[in-house]
Structure formats: C-alpha cells, structure tokens
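Derivation of every value follows stated rules applied to the coordinates shown; laboratory data play no part. Computed from a predicted model, the values in this text were never measured in an experiment. FYI the Cβ positions are ideal-geometry reconstructions off the backbone, even for glycines, and counts take in every protein chain you see.
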Amino acid sequence: MQKQKKCGPGTRAYREASKQLKSGQSMSINATDDCNYLFLIIHAGLGNRMLEITSAFLYALLTNRILLLDRYKEIADLFCEPFPGTSWLVPSDFPLNDDEFGQSSAESYGNMLQNKAFGGGTDRSLVGNRLPPYVYLHLDGNYGFHDKLFFCEDDQQFLRGVPWLVMRTDMYFVPSLFLVPAFQDELGRLFPEKDTVFHHLARYLFHPTNGVWYSVTRCFRSYLAKAEKRVGIQIRIYETKGILQRNGPFPHILNQILSCAQNEKLLPEISMAEGAADGTRNNRTAAGSGTRNNRTIAVLTTSLSAWYSEQIQEKYDEQSAVDGVSVRVFQPSHEEYQRSRNKGHNMKALAEIYLLSMTDVLITSGFSTFGYAAQGLAGLKPWIMLKSENHVTPDPPCVRAMSIEPCFHQAPFYDCKARKDTDLGKVVPYVRHCEDVSWGLKIVDQTHL
C-alpha cells in the first residue's frame, strides 16, 4: 500500500492535512491533493468492528483514500498493523474527538443535505466553491433517509473532493457499494468472484496479535488438530425474558442445534441401542490417550453460555453415534455476558472467531456478525440457524447460506436514479436478500445459484 506509506501518520502529507483539519478552514473546490483520508470511528462488538473496518477499507480503496482508525479502541491489542512501514491508527494528537459525532451532528452529510448547505446538482452548488474541511458520514443502524444518500452516485461525486471523511458505522455496507455505478467496474476487476470480498479483505487486514494467536494455536493443537472432522457451532441467543436478554438455557435452541447438525449430516445420529454408552466412553478414553483416532469428530462451540456444549456432549456420552464415531465437544470460554469494551473479552472472542474459521463445516446463528466474520475468514458457506418464534424450534432448523458473504442488515431501499423506493435485492443478479434478514442485502456469485 504505497499510498498509505506516502500519506499515513508520520509523513509530511499527514502533518499538513492534520493541520488543515485542525484549523477548520474550508478548501477551494479546485484544490488538488493526492492525500485524502477516511477516519473510521470504532465502536460496537468485535464482529461488527471487523465488518465495519472491512467495509470502510474497501470504500477507501474505491475512492483513493487513506484509512485511519481510532487508536483508543483496543485495535492494537487485537490486530497487527496490516500496512508495512506505516500505521492505520491515528496519532494521539488527532484533532477530532470521535465522541462528538452522532446522528444530530451538524457536520453529518445527511444534516447538511437537510439544511441545504449545498444544492441538488452533482457539485452540490457549494457556496463560494468552498469544500468543508471534513464531512461526517453517519451510517449507523439508526441512520435516516438523507444519510443513506451516501450510496447514490451524485453524492459520491461530491464527497470525492472532501479532504477528510469521518465515518461511523456498525454495518457491512459492501453490498450497496456494488450498486453504485461508478464503483462497479473497479469492483469487477478487484473481485472476479464477487462473493469473496470479505474473505480476501479480512485475510489481508486482520492478523491477530501474538497473545491472540497463542490462544488459537494452543486450543487448536489440544482439541481440534487430531480429529478426523471438525465441526464449528456458533451460538448467539436472541431470546428474551422480561426486559433482559438471556442466554438460556433454552431447550428449543438445543433441539435446533442438534436437529440442524444431524439432519444435514454434520454430526451423526445417536444410537438407541443398549450398551451404546459404554462404547462411547471407551472411544472417548482412547481419544484422550494421545493416540490418533481417525473416528473422532471434534465439535467447537462458541457461546456466552456453557449449557449448550455440555448438553451436546452429554447426549453423545449417554448414547453412542450410530456409526461408532466418537464426538468430543470443546468450548474455549463462556463469558455469560458480552463485554464489548473489555480487552480480555475481545481477545478471547477474536481467538474463537479464528478457531471457528479453522473448522471443516460451520453452523452459525442468523443475524450474528460474529458468525459472519468466522464464515468469511474460513471461506465456508455455513448452515444458518434462523431465529425461533415463541420458543419453538424452526422448521427447517437451518438453511444453507447462498454465499460466504456477510449480510448488510440495514441496507437502503432507495433507487437513486429513479428517486423512489424499490427492491434493491432485484436490481443486479449478484446482490440478493439475506437468508436470515429478509430486508437485508448480501453479495452472491450468480454462477453458483
């Protein structure tokens, strides 16, 4: 990334751009500068962070910008620097305070449009032909109509000249970039297989720090390496009791997990024959002796609760699998509650995402960005467990994903050219509605449909 080296923190270009940003002075619309920037405000949980960073990086590539991240959000504790010889973290003296930005910010692009800070032409009829020093892009889940005009080509033409863009998002908005005509040719060149965007970019961007990688390799060697088959099960609970979200136990979700795994032949059926439990215990003893057992399935579960993995193991302990295979269940952690701002919690979560990505087959929970990150890194099309209704196991318990790509949960449905709402899941064959979020959008490879 020569551009990042030329314009990143520590360079003369960055110092000049930072000085101009701090001054708050506008720039001439005709001013030319090789170094324009995208500053991403990091927030939300780890899965969301990985999706938002990937989305922002792709947008920066398409618009010839330098991606910079907030240095105070534990990024350096989780990931190594992806760009040799430079940094993607803003220096400590960065002049903007990310806590000041939100949907009501006067500098947000949506509010600037609403307040008629510029007109409706492609150049937005800037007063005095002066560009603002920066524009804030509010692309969080609660964004409004005018914020969503970010995904329109005319608006992209205007934003191209702004030296600093500040973005806040918690979503994987890549599918909507594929619907911007100005980006389509370049995206086609970058990704001949369109449904591999996250897979390639995430593997380029996200290299775990030594502490995280140590946990990954230790767990893999101890519990997964010798198995004939590795099954990953990512469990995220969306059931509620009263006003608080709970992780269970929910027997109908356990039934959903087992039904999905057994119906799709990912785990073996359980034998009801007499004496089966003794055979299972013997198999498990042999498996734990350190000798290689080619008839072993290792099941890696990730959940905030330990109950589901314990129940799965108990069922295979009580009755053996019909084909005599030994099933061993392993769960690295059970934190009980998500702690998005806790460094130790996030390091464990990242290790588990990578462990899931090392399995042979994957079951994920619908709507979960944690699961999206794991499937994307793995390059696996998972079986998705759909959300249950009224504490009843769905039928079918899971569906196969169309692609390995994450879902854009809050995708806009506005046709910029026609200036009306439309179904953007039917505009091009490679952008479809998601299996787990009917109103969301995801990228698919139409040749595989």
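You can think of it this way: the chain between Tyr204 and Ser104 has 32.5 nm of extra reach, that is 0.36 nm per residue less the Cα-Cα gap.
Dipole of the range 314-449 computed with +1 at Lys/Arg Cβ and -1 at Asp/Glu Cβ about the Cα centre; of Tyr430, Val392, Phe367, farthest Cα towards the positive end is Tyr430.
So if each residue of separation counts as 0.36 nm, and I subtract the Cα-Cα distance between Glu264 and Arg218, what length gain in nm does that give? Intermediate results must be reported in sequence, preceding the final value.
Numbers: separation 46, 0.36 × 46 = 16.56 nm, distance 2.97 nm.
Extra length from Glu264 to Arg218 when fully extended: 13.6 nm.
Classified by the C-alpha gyration tensor, the range 2-191 has a rounded form. Its axis ratio a/c, with a ≥ b ≥ c, is below 1.5. Between the residues Ser222, Pro163, Gly211, the greatest Cα displacement towards the positive end of the dipole of the range 160-239, with unit charges on the Cβ of Lys, Arg, Asp and Glu, is found for Ser222.
Summing -39500 (n - 2.57) over the DSSP H runs of n ≥ 4 in the chain and dividing by its residue number, what mean residue ellipticity at 222 nm do you reach, to the nearest 500 deg cm²/dmol? Before the final figure, lay out each step's value.
On the way: 16 runs with 151 residues, N = 449.
-9500 deg cm²/dmol, from helical runs alone.
Given their separation in residues at 0.36 nm each and the Cα-Cα distance between them, Asp421 and Arg189 gain 80.6 nm when the chain is fully extended.
Taking Cα centroids, how far is the range 362-397 from the range 51-118 in Å? Cα centroid to Cα centroid, the span is 30 Å. Annotation: amide H of Leu131 within the under-5 Å range of Met27, Ser28, Ile29, sequence separation 5 or more or interchain, hydrogens built in the peptide plane.
Under a model in which nothing but the beta-carbon of Lys, Arg (+1) and Asp, Glu (-1) is charged, the chain shows a dipole of about 960 debye around its Cα centre.
Given the options Tyr134, Tyr308, Tyr204, which has the most mean-square fluctuation in a GNM of the chain, springs set between C-alpha atoms less than 10 angstrom apart? Of Tyr134, Tyr308, Tyr204, the Gaussian network model singles out Tyr204 as fluctuating most.
Only helices reaching 20 angstrom along their own axis (Cα) with mean Kyte-Doolittle hydropathy no lower than -1.0 count here, and for the DSSP H runs of the chain these are 46-62, 343-357. Sequence-ordered 3J(HN,Hα) estimates for the range 82-94 from the Karplus curve with 6.51, -1.76 and 1.60 and θ = phi - 60° stand at x, 10, x, x, 7, 9, 9, 9, 5, x, 5, 9, 4 Hz, glycine and proline given as x. Checking Cβ-Cβ separations below 4.7 Å across the chain identifies Cys80, Cys219 as cysteines lacking any candidate disulfide partner. Annotation for Arg15 and Lys116: the two label points, set 7 Å from Cα along the Cα-Cβ direction, are 4.4 nm apart.
With a Förster radius of 22 Å applied to the C-beta separation of Val322 and Ala225, the computed FRET efficiency comes to 0.30. For the range 321-408, rounded, prolate or oblate, judged on the Cα gyration tensor with a ≥ b ≥ c (square roots of eigenvalues), a/c < 1.5 rounded, else prolate if a/b > b/c? It comes out rounded by the Cα gyration axes.
Place a +1 charge on the Cβ of each Lys and Arg in the range 2-191 and a -1 charge on the Cβ of each Asp and Glu, then give the dipole magnitude about the Cα centre in debye, rounded to the nearest 20. It would help to have the intermediate numbers written out before the result.
On the way: 18 positive and 22 negative charges, 104 e Å.
For the range 2-191, the charge dipole is close to 500 debye.
Where a ≥ b ≥ c are the square roots of the eigenvalues of the C-alpha gyration tensor, would you call the chain rounded, which needs a/c under 1.5, or, failing that, prolate if a/b is larger than b/c, or oblate? In terms of gyration-tensor shape, prolate.
Label zone of Arg295 (point 7 Å out along Cα→Cβ, amide N under 13 Å): in the range 318-348 this covers 320-327.
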